[in-house]
Amino acid sequence: MTDAELAVHLAEVAGRLLIEVRSAGMFSPKALGKAGDQTANQFLVHAIREQRPDDGLLSEEEKDNFERLAHSRVWIIDPVDGTREYGEARTDWAVHVGLAIDGAPSVGAVGLPGLGVVLRTDAPGVVPPAPEKLRMVVSRTRPAREATEVAEKLGAELVPMGSAGAKAMAIVRGEADIYLHSGGQYEWDSCAPAAVAIAHGLHASRIDGSPLVYNQSDVYMPDLLICRKEHAERVLAEVAALA
């Protein structure tokens, strides 16, 4: 399999495992998130190490191994992005399987198991055109100040949504137009979504316009912007004006 085919296959299988774990009815909501995370993580980690033994690996659910810093190719995974949404049997959670090459989000797949969909870098679709009134996805529980203020400047509608992957894929799928996040994330939250967004011709950067760089010693990533390229300049200008 190519790297992209592998990413898609892993996201699909992990998604099916997560649905099965939830459908078993064995866990309380809190325990379900842990059981799902660990089950999907074990599958993804063992599969990647078997299929790509010479690559580095970073997972939210594994203790970080800084040996990855010596690799130019590093798989960056999030077995369950949106544990709360997964436990609540919502659809806005995701499985992230990304590959950073020389720090760039290059290959990946984002599974949306609740929708039976996997978005991928090797088969980009056409992003639907934006409506007259733009839509900005924000956190269901804690919308970032910058996002709400920029949305007001743009006259954009706020669309509450769960996981980072679900928000990013909402832009790819044409369900929203701007994903502006400033509340802090980690590399596994955005590597695969950014790769998929870029493959679909979208803009993906930090909110100051600088590139997204992965496989760093510090995996914290403060902010993220994913949107159509024609909206990027205006959004970045509004963010800069807030500062």
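Things to note:
- Rg/Rg_globular for region 117-243, with Rg_globular taken as 2.2 N^0.38 Å and Rg from C-alpha atoms: 0.96
- Per-selection Kirkwood Rh - region 1-140 (Cα, Å, 1 d.p.): 15.9
- When peptides 167-179, 209-221 are ranked by their average number of other Cβ atoms within 10 Å per residue, the highest-first order is 167-179, 209-221.
- Residues listed by number, region 82-126, amide nitrogen under 19 Å from LEU69 label point at 7 Å toward C-beta: 100-104
- Calculated from backbone phi, Karplus (6.51, -1.76, 1.60) coupling profile of region 200-212 in Hz, x at Gly/Pro: 8, x, 8, 8, 9, 7, 6, 7, 9, x, 6, x, 7
- Long hydrophobic helices in the chain, taken as whole DSSP H segments with a C-alpha length of 15 Å or more on their own axis and mean Kyte-Doolittle hydropathy at least -1.0: 3-23, 29-51, 187-199, 229-242.
- A cut-off of 5 Å between modelled amide H atoms, ignoring neighbours fewer than 5 places along the same chain, links ARG73 with GLY56, ASP102.
- Cross-link partners for LYS229 among the lysines, with Cα-Cα distance under 22 Å and sequence neighbours closer than 8 places in the same chain left out: LYS133, LYS153, LYS167.
- For region 12-97, size of Cβ-based charge dipole, Lys and Arg +1, Asp and Glu -1, in debye: 180
- 5 Å binning of all Cα-Cα separations within the chain, expressed as whole percents from 0 upward: 1, 7, 15, 19, 19, 17, 11, 6, 3, 0, 0
- At the residue level, ASP122 shows approximately 70 square angstrom of accessible surface with a 1.4 angstrom probe and all protein chains present.
- For GLN185, the residues whose amide H sits under 5 Å from its own are MET221, ASP223, ignoring neighbours fewer than 5 places away on the same chain, with H placed 1.01 Å from N.
- Within the chain: Cβ-based charge dipole about Cα centre, in debye rounded to nearest 20 (Lys, Arg +1; Asp, Glu -1): 520
- Centre separation in Å (Cα based) which lies between region 54-92 and region 170-243: 18
- Rough spin-label spacing in nm, given labels placed 7 Å along Cα→Cβ, for GLU157 and ALA237: 2.5
The values are calculated or read from the model by the stated rules, or taken from the named source; none is laboratory data. Remember, it's a predicted structure, so these values are computed and weren't measured experimentally. Cβ: placed from backbone, ideal geometry, glycine included. Neighbour counts: every protein chain shown. Accessible surface areas use protein heavy atoms only, side chains included; no ligands, DNA or RNA. Shrake-Rupley method; radii C 1.70, N 1.55, O 1.52, S 1.80 Å.
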